[in-house]
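Written below as C-alpha cells is the structure these notes are about.
Each value in this text was obtained by applying a stated rule to the coordinates, not by laboratory testing. Fair warning: this is a prediction, and the values are worked out from it, not measured in the lab. Note that each Cβ is placed from the backbone with ideal geometry, even for glycine, and that neighbours are counted across all protein chains shown.
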Amino acid sequence: MSVDLATVRRIAHLARISVSEAEAPYLQQEINAILNFVEELNAVDVEGVEPMTSALPMRMKKRADEVTDGFITEKVLANAPAREDGFFVVPKVIE
C-alpha cells in the first residue's frame, strides 16, 4: 500500500497541520516507509504467541475492584459555586 500526494494533503488537512508543497513529497516517502514497515510486521507469524504487557516477565499490580466515592466529598465540593445534599447544583439545560 502506498499513498499519493493528494492523500498526504488530505491527512495534513484532517490533522490540522500546515504542509507546504515542498514538504509533501518528503512526508509521502515517510508515510509510505511506515506503511511498508507495518506490512513487514503483518508478515510475521505470531500463531501461539501470547500477548505481553511488558518486555520483562512480571505480574501486573492489581487493586481490588471496589466501588467507593473516594471519601473526599467535602474536598471535591469545596470549590463548587452551588451544592445541595452533597451534589453539585447546575443550571437546567433541558426543558
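For the chain, the longest principal axis of the alpha carbon atoms and the long axis of helix 5-14 meet at an angle near 10°.
If the chain linking L14 and E39 were pulled fully straight, counting 0.36 nm for each residue of separation and taking away their Cα-Cα distance, it would gain 6.6 nm.
Only Cα sites of the chain enter the Debye sum here, all with the same form factor; the resulting log10 I(q)/I(0) across q = 0.10 1/Å is -0.77, listed in q order. Report summary: the helix-based calculation at 222 nm, which adds -39500 (n - 2.57) for every DSSP H run with n ≥ 4 and divides by the residues of the chain, gives -11500 deg cm²/dmol. Near M1: Cβ cut-off under 13 Å, other residues only, Lys/Arg at +1 and Asp/Glu at -1. The net charge is -3. Straight-line cross-link reach from K75 at under 17 Å between alpha-carbon atoms covers these aspartates and glutamates, not counting any fewer than eight positions away in the same chain: E84, D85.
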